[in-house]
Amino acid sequence: MSASKTLTPRPRPTPRVTGTGTESTGPARDPGSPETRVTSSPRAGADPAADGDAAPAPRPPGTSFLRERPALHAEVWVYDRTLTHVVLVEHPWRGLVPPGGAVEPGEAPREAALRAVAELTDLEPTLLDAPAAATTRAYRSGWAPTLCLAFAAVMGGRPELTSTTGHAAVWHPLTPLWSSWFPGDAQRMRTFARSLRG
């Protein structure tokens, strides 16, 4: 029942700050390195020393900048046995989203995905062998782009969902599609469920 695909990494564009947001400026210098992370290009008034845990220098009102965010995010598309429902969590400002979170330093993406789904739903699913999807997105205006790996799991039914974080979790039907912070996510999850049915 697992989908097997070989994912070939492609160089990620390095974002550059413009007056209205970010734009791609070409591939990152060392895309194959596991240590590569997205950084913003220097611009007038930027403090190049503001890196790591140091607080950035104050910026004048109205200036845009990319906030450093984790460069990797993992989520889980948890389906029921019939592949007609998926687990979604009520996020404070993104609405209904699959359970997921940032990959912490020293943590593998699969471990982060399993940790997040356990924290947000109290489920302990077995992930399918290969990721279901990989996307690059900014989780909030002004944040640096993040690579998101979506893993998938199929449960034996629809177990009760309990959150330890206070975010409501639900078994949501795949049809009709729901509104999502990231357009296309609901359709991607539905299409992946169809591929699992064969």
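The values are calculated or read from the model by the stated rules, or taken from the named source; none is laboratory data. Treat the numbers as computed from the prediction; the structure is a model and nothing was measured. Ideal geometry is used to build each Cβ from the backbone, glycine not excepted, and the neighbour counts take in all protein chains shown. With ligands, DNA and RNA removed, areas are computed over all heavy atoms of the protein, side chains included. Shrake-Rupley method; radii C 1.70, N 1.55, O 1.52, S 1.80 Å.
Regarding region 122-129, can at least one residue be identified that is closer than 23 Å to TRP181 by Cα and in contact with a Leu (Cβ under 8 Å, 6 or more places away or on another chain)? Checked against the condition, which is being closer than 23 Å to TRP181 by Cα and in contact with a Leu (Cβ under 8 Å, 6 or more places away or on another chain), region 122-129 yields no hits at all.
Whether any residue in region 178-189 is polar (S, T, N, Q), under 28 Å from ALA71 (Cβ atoms), open to solvent by 30 Å² or more (accessible area, probe 1.4 Å) and in a helix (DSSP H, G or I) is what I want to check. The answer is yes, given that some residue of region 178-189 is polar (S, T, N, Q), under 28 Å from ALA71 (Cβ atoms), open to solvent by 30 Å² or more (accessible area, probe 1.4 Å) and in a helix (DSSP H, G or I). Of all residues in region 112-123, none satisfies the criterion of being small (Gly, Ala, Ser) and open to solvent by 70 Å² or more (accessible area, probe 1.4 Å).
Per-residue answers, yes or no, for (1) touching a Gly at 6+ places or on another chain (Cβ under 9 Å); (2) surrounded by 16 or more Cβ atoms within 10 Å (Cβ to Cβ); (3) more than 16 Å from ALA74 (Cβ to Cβ):
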| position | (1), (2), (3) |
| --- | --- |
| GLY106 | no, no, no |
| PRO125 | no, yes, no |
| ARG137 | no, no, no |
| ARG140 | no, no, yes |
| LEU161 | no, yes, yes |
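Where in region 92-161 are there strands (runs of 3 or more DSSP E), lying wholly inside it, with at least 1 residues that are in contact with a strand residue (DSSP E or B) (Cβ under 9 Å, 6 or more places away or on another chain) and closer than 17 Å to ALA193 by Cβ? Please lay out each step first, then the result.
On the way: elements: 95-97, 100-102, 133-137, 146-154.
Counting at least 1 such residues, we get 95-97, 133-137, 146-154.
Considered as a group, the residues in region 56-100 that are at pLDDT below 50 and among the hydrophobic types (A, V, I, L, M, F, W, C) include one that is most open to solvent (accessible area, probe 1.4 Å), and that residue is PHE65.
Figure legend. Inter-residue proximity from region 87-109: first residues farther than 26 Å from GLY156 by Cα, second residues outside any strand (DSSP E or B) and of a type in the set (Asp, Glu), beta-carbon distance below 9 Å, spacing 6+ or different chains. Indicated pairs: VAL103/GLU111; GLU104/GLU111.
When you check ALA193 against the structure, is it more than 21 Å from ALA71 (Cβ to Cβ), assigned to a helix (DSSP H, G or I) and touching a Leu at 6+ places or on another chain (Cβ under 6 Å), yes or no? Here the answer is yes, as ALA193 does meet what is asked. A single member of GLU119, GLU90 is closer than 16 Å to VAL76 by Cα and in contact with a Leu (Cβ under 9 Å, 6 or more places away or on another chain), and it is GLU90.
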